[in-house]
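The structure appears below as structure tokens.
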Amino acid sequence: MNYQLIVFSGTPKAGSTWLGGLFSGIAIEMGMNFFYGQYAIPKNHEIIMKNRFDLVISQSSDYDRLQELNLPYKCIHIIRDPRDILVSSYYSYKKTHNVDRWPELKNLRKKLHSVSFDDGMLETMKFNCYFYKTLQNWNY
């Protein structure tokens, strides 16, 4: 059988963390060689190319960067309505999302506590611009 990579890709606030954990558990049970990273596809091309993983779990992925791997693949891509992403992100960023290793989010959180709801939603939309662009660029 020819090599074919399996890719699980998510969209922020679409359950990708939970599903990524589920897929990694399945991969362990099946003895699969896998790579898990929040931004595995945009940031870890060399590692993925060198190791010929069975499965790559990337909680957020850029379609164009996936194509650059130049490997045969099957992909499961979890998406969510961008309006729902916005609302969920707003509350998560303002109250619960871990900011320890994300200084930009720490700054946004401070801003969200000092502006109106409407202005906070606009700030969140700007902050999520990269995620919306990657969602828009997928070729379904």
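The values are calculated or read from the model by the stated rules, or taken from the named source; none is laboratory data. What you see is a predicted model; the values in this text were computed from it and never measured. Every residue, glycine among them, receives a Cβ derived from its backbone with ideal geometry; neighbour counts consider all protein chains shown. Accessible surface areas use protein heavy atoms only, side chains included; no ligands, DNA or RNA. Shrake-Rupley method; radii C 1.70, N 1.55, O 1.52, S 1.80 Å.
What lysines sit close enough to residue 111 to cross-link, taking a C-alpha to C-alpha distance under 21 Å and skipping anything fewer than 8 places away on the same chain? Excluding near neighbours in sequence, the set is 13, 94, 95, 126. In a DSSP loop and with at most 14 other Cβ atoms within 10 Å, there are no chymotrypsin sites (Phe, Trp or Tyr not before Pro) in region 44-97. Using 0.36 nm per residue and subtracting the Cα-Cα separation, the extra length available between residue 28 and residue 71 on full extension is 13.2 nm. Subtracting the Cα-Cα distance of residue 122 and residue 136 from their residue separation scaled by 0.36 nm leaves 3.2 nm. Shown here are the Rg and Dmax of the Cα trace of region 1-135, at 16.6, 58 Å. Annotation note: trypsin sites (Lys or Arg not before Pro) in region 7-76 located in DSSP loop regions with a Cβ neighbour count of at most 13 within 10 Å are 52. Which one, 119, 100, 84, has the greatest fluctuation when you compute a Gaussian network model over the chain with C-alpha springs under 10 angstrom? Maximum among the listed residues: 100.
Determine the calculated [θ] at 222 nm for the chain from helices alone, applying -39500 (n - 2.57) to every DSSP H run no shorter than 4 residues and normalising by the residue count; nearest 500 deg cm²/dmol. Don't skip to the answer; put the middle values down first.
Details: 8 runs with 71 residues, N = 140.
Only helices count here, giving -14000 deg cm²/dmol.
Computed over protein heavy atoms with a 1.4 Å probe, the accessible surface of the chain works out to 61 Å² per residue.
Which whole-angstrom value gives the distance between the alpha carbon centres of region 119-140 and region 1-59? If you average the Cα positions of each part, the centres end up 23 Å apart.
In the chain, what percent of the accessible surface is made up of carbon and sulfur (1.4 Å probe, ligands and nucleic acids excluded)? Whole-percent figure for carbon plus sulfur exposure: 53.
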